[in-house]
Amino acid sequence: MAIVVFVLMVGSILFHFWTPWYLTPIASNWGSIDTAIDVSFWVCGAVFIAINSFLVYCVFRYRNTRAHYEPENARLEKQLTLWTSVGVALLLAPGLYAWAQFVNVPENVSVMEAVGQQWQWSYRFPGRDGVLGTTEVQSISDDNPFGLNPADPYGRDDVLISDSTVHIPVGKPLKMVLRSKDVLHDFFVPQFRARMNLVPGLVTYFWFTPTKTGTFEILCAQLCGVGHYVMRGTVIVDDESTYETWLNMQPTFAQASASAQ
Ligand SMILES: [Cu+2]
């Protein structure tokens, strides 16, 4: 039994280092989230090794001994309470630190919206005025799939991307505003280390700064129906000028509704 536990322990540790499913290389500013994950691995790993080594030792050392019944041991309980508290604090602290940054959007941020529906993504940029126009569920129609309020002047220049592929500029903080037309979805790009649920009836958000150019996959990370697995998109992180060129070729709401009539 001691050998089985020992092999399981060593095998688990080796698997952690040799696994083919480790984190993808990071492509955003959220190194603090990777740090939180790393600290969790170190804390859990240390406790895992300590407990299993102790178990192996006891099983082997006391193999022919009958255990004593000892229900109370104040000194041991104090030690366990103390070290468990230290462990829990170490697990929580880096995550709380990262979360405080995650929910505080910087001032100079640009805005983009991702809209989820069963089972596709579409996107909206605020246009020249930098402000996303208001939307309302009643306005959603075949000609107005984003549900923009036709009376809102801020919405006229909004750039609409009715495609699952979107471009964003590298090195600039971006606030992702999220809206769902039907059920819970979740906008997730593994390399950005950031994600957030899309909740029908709410506008949720998060922010990040892409740090590498390249093509990344957008996943829906919330089981949202039978087509959940096909709900994928592509985000292409461009340099500023490539992004601007692309953006200028996309239709605004005013243009889209004019051509729909
Ligand atoms: Cu989904």
Relative contact order (%) - criterion: Cα under 8 Å, at least six apart; region: the chain: 20
Sequence-distant residues sharing a close amide H with residue 28 (under 5 Å, placed H): 211
Paramagnetic reach from residue 213 (point 7 Å along Cα→Cβ, amide N under 19 Å) across segment 233-252: 234-249
Around residue 110: net Lys/Arg minus Asp/Glu count, Cβ-Cβ under 13 Å: -1
Solvent-accessible surface (1.4 angstrom probe) belonging to residue 16, in square angstrom, nearest 10: 50
Two-site FRET efficiency, residue 80 against residue 239, from Cβ-Cβ distance with R₀ of 41 Å, rounded to 0.05: 0.15
Sequence of 212, 175 from largest to smallest accessible area, 1.4 Å probe: 212, 175
Straight-distance crosslink candidates among lysines, where the alpha carbon sits under 23 Å from residue 172 and sequence neighbours closer than 8 are dropped: 212
Phi to ³J(HN,Hα) by Karplus 6.51 cos²θ - 1.76 cosθ + 1.60 over segment 154-162, Hz, x for Gly, Pro: 5, x, 4, 9, 4, 8, 9, 10, 8
Amide H contacts under 5 Å for residue 118, placed H, 5+ residues apart: 182, 183
Amide H contacts of residue 207 (H built 1.01 Å from N, under 5 Å, at least 5 apart or other chain): 176
Calculated FRET efficiency for the pair residue 136/residue 175, C-beta based, R₀ 25 Å, to 0.05: 0.75
Three-way shape call for segment 156-261 based on the alpha-carbon gyration tensor, with the a/c threshold at 1.5: oblate
For the chain, calculated [θ]222 nm from helices alone, where every DSSP H run of n ≥ 4 adds -39500 (n - 2.57): -12500 deg cm²/dmol
Cβ-based net charge around residue 237, under 13 Å, with every Lys or Arg adding one and every Asp or Glu removing one: -2
Residue 182-residue 62 FRET efficiency (beta carbon distance; Förster radius 45 Å; 0.05 resolution): 0.15
Solvent-accessible surface ranking, highest first, for 107, 240 at 1.4 angstrom: 107, 240
DSSP-defined antiparallel bridges as percent of all bridges, the chain, nearest 5: 70
Cα-based shape type of the chain, given that a ≥ b ≥ c are square roots of the gyration tensor eigenvalues and the cut on a/c is 1.5: prolate
Around residue 160: net Lys/Arg minus Asp/Glu count, Cβ-Cβ under 11 Å: -3
Pairwise label distance in nanometres, residue 89 with residue 249, each label 7 Å out on the Cα-Cβ vector: 5.6
In Å², nearest 10: area of residue 63 left accessible to a 1.4 Å probe: 150
Residue-by-residue Karplus 3J(HN,Hα) for segment 229-237, coefficients 6.51, -1.76, 1.60, Hz, glycine and proline x: 5, 8, 7, 10, x, 10, 10, 10, 8
Dipole axis of the chain (+1 Lys, Arg; -1 Asp, Glu on Cβ), positive-most option in 191, 12, 132: 12
Most mobile of 132, 219, 202 in a GNM of the chain (Cα contacts under 10 Å): 202
Spatial separation of Cα centroids for segment 41-113 and segment 193-212, in angstrom: 30
Probe 1.4 Å, all protein chains present, accessible-area order of 249, 231, largest first: 249, 231
In segment 164-211, chymotrypsin sites (Phe, Trp or Tyr not before Pro) in a DSSP loop with at most 14 other beta-carbon atoms within 10 Å: none
Karplus-derived HN-Hα couplings along segment 133-145 (A = 6.51, B = -1.76, C = 1.60, θ = phi - 60°), whole Hz, x at Gly and Pro: x, 6, 10, 8, 4, 5, 7, 5, 8, 4, 7, 9, x
Cross-link partners of residue 78 among aspartates and glutamates (Cα-Cα below 19 Å; sequence separation of 8 or more within a chain): 70
Residue 84 accessible area, assembled protein chains, probe 1.4 Å, Å²: 80
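The values are calculated or read from the model by the stated rules, or taken from the named source; none is laboratory data. Keep in mind the model is a prediction, meaning the values are calculated, not measured. All Cβ positions, glycine included, derive from the backbone under ideal geometry; neighbour counts span all protein chains shown. Note: areas computed on protein heavy atoms with side chains; ligands, DNA, RNA excluded. Shrake-Rupley method; radii C 1.70, N 1.55, O 1.52, S 1.80 Å.
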